[in-house]
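The values are calculated or read from the model by the stated rules, or taken from the named source; none is laboratory data. These numbers were taken from a predicted model, which means no experiment stands behind them. Just the protein is used for accessible areas: all its heavy atoms, side chains included, with ligands, DNA and RNA removed. Shrake-Rupley method; radii C 1.70, N 1.55, O 1.52, S 1.80 Å.
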Amino acid sequence: MTALAVTEAAPRSVADPDDDLALRFAAGDEGGLEAVYRRWAPLVRSLARQSLCDGAEAEDVTQTVFLAAWRGRDGYRPGRGPLPAWLVGIARRKIADALSARTRRTDVAAAAAREPARSPDPSYTQDAVLDRVDVTRELRRLPEAQRRVLCLAFYGDLTQTQIAHVTGWPLGTVKSHARRGLQRLGRSLDAEATQRAR
């Protein structure tokens, strides 16, 4: 009769996949950023949605949190605590910023509602009409994407998140088009005002 030797496998050290993700993220690995986003965006989004009670605003905050985390990844120290805790800390600050901005918007709207209606000065009305004509002409000169974003924002009264939904573009793309379009529009109108003043 032969004896079977039973050998036990030595216990292997199983690395925590979350620790691996955190190290890849801290090292600047873009694939690590993508994996970290997939792994912890639901946590951040849930915190934002609970605090803000607005899904679109929660999505904006979530993207802002991960952008801030990526830009500030040099400040993350794995020895101090896990990456999700660091992300939650950033999320809390960004949620507080969003709530403060909401309060400011509400205060401005309330102040505007309290403002008594005034009859417009006829000369001001003429200038306002001319300004609208100038803006309309300069809007037509913008590239199509920038013009579309600005028209949806101003004439359609849509938020950037709503514009992203309507156009199917990523929110960051919408924000970039809005910023560049406003900058270009401002430069054009300033140049025209300077020429008119001469």
- request: May I ask you to evaluate 6.51 cos²θ - 1.76 cosθ + 1.60, the Karplus curve with θ = phi - 60°, for each residue of the stretch 144-155 and list the ³J(HN,Hα) values in order in whole Hz, giving x for glycine and proline?
  value: 3, 5, 5, 4, 4, 4, 5, 5, 5, 6, 8, 8
- line: Of every hundred units of 1.4 Å-probe accessible area on the stretch 152-196, the number belonging to carbon and sulfur atoms, as a percent, is 55 percent
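With the other protein chains left in place, how much accessible area per residue, in square angstrom, belongs to the stretch 16-85 at a 1.4 angstrom probe? Can you show the working numbers first?
On the way: 3870 Å² over 70 residues.
That works out to 55 Å² per residue.
Treat the stretch 131-196 as a sphere of radius equal to its Kirkwood radius over Cα pairs and apply Stokes-Einstein at 37 °C in a medium of 0.692 mPa s; give the translational diffusion coefficient in µm²/s, rounded to a whole number. Don't skip to the end; give the middle numbers.
Details: Rh = 12.1 Å.
Roughly 271 µm²/s, to the nearest whole number.
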